[in-house]
Amino acid sequence: MSKEIPSDKFIIKGLSDKRKLKGIVKIGGAKNAVLKIMAASILFKDRLTIKNVPQVEDVFRMIELLEDLGAEVKRVGENTLKISTKGINKTSLNGKIAKRMRASIVLTGPILARFGEVHFSRPGGCTIAERPIGIFLNGFRGMGAKDTRDKKGTYHLKARGGKLKAKSTFFNKPSVTATETFLMTAVLAKGKTILKNVALEPEIESLANFLVKCGAKIKGIGSTTLEINGGGMLQTKGKSYEVIPDRITTGSYLILGALASNNLKIENCQPKHIEALVSSLRFSGVKMRIGKDWIKVLDNSKSKFKPLEIKTHEYPGFATDLQAPMTVFLTQVRGESTIFETIFENRFGYTEELNRMGAKIKTWNPQKISIDGPTKLKKRVLYGPDLRAGLAYIIAGIIAKGDSTIENAYYIDRGYEKIEEKLSSIGVNIKRIK
Ligand code: EPZ
């Protein structure tokens, strides 16, 4: 997103080291799960019902994209969507909408497999890396699609003979959206597809399990090799999909709790999805209790946190999407910590502003930083370079001294549901300025 897109802003009154937050936060559905199941609606003959849908901007963009294609999307109550793709009469993704969200790429496979062609522009999203799409193009070529690109940069993929063929693929990198895209594509392509070196994120497992419930033949779910026997559209026959809790939001509240609460309970979450974070925080000295679907951050006011060496990694390793909030945590830890980012090449863009707030973060190279702590943070006007960095700024603003402004609330609204309501309910003084 460019700075020109008008956006609300947040003003946060810093706690200035006082651990005042307490109460209960309930975690909503995962953005990165719901966007994929919405794309999967194209695989179904009948209407798909999705429950526990978070009200976040990326979901609104995905609704717009599906409606633009001719799908019917109905909202029932606050958190349920019903999607029928019977009426799809177009194979071109609306470029303006798709540009605002990288996840739009997951629509390409289902459209190409069902209708024999798809037109799309290179997807946009956060500025955390170059975000190539080579894995997608190569995979589609392997399944028998011919691709061209016009002067405006729009790709046109067309399946030879109107139908894609099943084709086994070894991914040279475990990519989340590529795994999801080819899983969905293979469900419609006739024959056996074996996908090797796939990503293991819980959102993928949840998607695959639901497709199996609705008749898809998928083996190896939860492993790095998926075998799909495809060949036809699926039917829900009334089954609905329940979006799994958002693990990145869970982790972000856990970090906030460790820094600024004296008793915070995080409910409706799946602690097993953030084991890497939990074990790092525990090693550092954060006291918490964990149940099957809750985490209680205990009073850490007397804890002396130890430094950490963090390396982001594909699941089940330390999630890159929790890297920025973790940096804020490490500014409050005694000693030198390091973070090595292995997934995206440009994900430390937010650290300069943290330094201006008083942090001591040294950039060794585009993928490695060290953080010397503890340092007191002071207020600042901030502009987050991506949605996860935006949330890190919110946490920084909460623990800082004085009133901080987070300029581009839109970024945060892309992935965090009702953020100011949830934060206010646990004691944060946060205001949205329209
Ligand atoms: C997904 O992005 C998530 N997005 C990201 O969340 C998340 O950070 C990322 O996975 C890693 O966990 C969605 O699920 C919508 P990748 P994705 O393809 O799938 C390289 C957020 O804030 N690659 O797994 O786009 C790529 O450059 C977002 O919610 C290629 O080289 O990430 C990266 O180095 C940000 N060629 C690596 O693979 C390709 O064609 C893994 O990225 C595609 C990817």
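Just so it is clear, none of the values below were taken in a lab; they were calculated from the coordinates. Small disclaimer: the values here were computed from a predicted structure and weren't measured. Virtual Cβ from ideal backbone geometry, glycine too; neighbours counted across all protein chains shown.
Can you give me the C-alpha center-to-center distance between region 126-204 and region 253-280, rounded to a whole angstrom?
Rounded to whole Å, the Cα centres lie 35 Å apart.
What is the pair-distance distribution P(r) of region 138-224, computed from all Cα-Cα distances in 10 Å bins starting at 0, with each bin given as a whole percent?
Binned Cα distances yield the sequence 17, 46, 30, 8, 0.
Where Rh is the Kirkwood radius over the Cα pairs of region 317-434, the temperature 25 °C and the viscosity 0.890 mPa s, what D in µm²/s does Stokes-Einstein return? Can you show the working numbers first?
Working: Rh = 14.5 Å.
D, rounded to a whole number, is 170 µm²/s.
Where nothing but the Cβ of Lys and Arg (+1) and of Asp and Glu (-1) is charged, how large is the charge dipole of the chain around its Cα centre, in debye to the nearest 20?
Taking the Cα centre of the chain as origin, the dipole is about 300 debye.
With respect to the cross-link table entries 213/272; 196/219; 26/418; 51/265; 9/422, which display a Cα-Cα separation exceeding 18 Å? Each step should come with its number before you reach the end.
On the way: 213/272 23 Å; 196/219 12 Å; 26/418 11 Å; 51/265 23 Å; 9/422 16 Å.
Long pairs (Cα-Cα over 18 Å): 213/272; 51/265.
With just the Cα atoms of region 130-174, tell me how far they stretch along each of the three principal axes, in Å, largest first.
Taking the Cα atoms of region 130-174, the three principal extents are 33, 32, 7 Å.
Counting only Cα, what are the radius of gyration and maximum Cα-Cα distance Dmax of region 31-242, in Å?
Rg then Dmax for region 31-242, in Å: 15.6, 44.
Go from 0 up to the bin containing the longest alpha carbon distance in the chain, width 20 Å each, and give me the % of pairs per bin.
Binned Cα distances yield the sequence 26, 55, 18, 0.
Using helices alone, what [θ] at 222 nm do you get for the chain, with -39,500 (n - 2.57) per DSSP H run of 4 or more residues, divided over all residues and rounded to the nearest 500? Write out the running numbers ahead of the final one.
Values: 14 runs with 135 residues, N = 434.
Only helices count here, giving -9000 deg cm²/dmol.
Note down the relative contact order for the chain as a percent, whole number, built from C-alpha pairs under 8 angstrom at least six residues apart. Kindly include the intermediate steps, with their values, before the conclusion.
On the way: 1012 pairs, mean separation 94.5, N = 434.
With pairs under 8 Å counted, the relative contact order is 22 percent.
In whole angstrom, how long is each semi-axis of the equivalent ellipsoid of region 203-303, when you take the square root of 5 times every eigenvalue of its Cα gyration tensor and sort them from largest down?
Working: eigenvalues 277, 41, 13 Å².
Ellipsoid semi-axes (Å, largest first): 37, 14, 8.
What longest range of the chain stays clear of loop-exposed GluC sites (Glu not before Pro) (DSSP non-H/G/I/E/B, at most 16 other C-beta within 10 angstrom)?
Details: sites that count: 4, 78, 130, 345.
Within the chain, the longest run free of exposed GluC sites (Glu not before Pro) spans 131-344.
Each residue of region 270-284 in turn: what ³J(HN,Hα) in whole Hz from Karplus with 6.51, -1.76, 1.60 and θ = phi - 60°, glycine and Pro shown as x?
Listing the rounded values in order: 10, x, 5, 7, 10, 4, 4, 5, 4, 5, 5, 5, 5, 4, 6 Hz.
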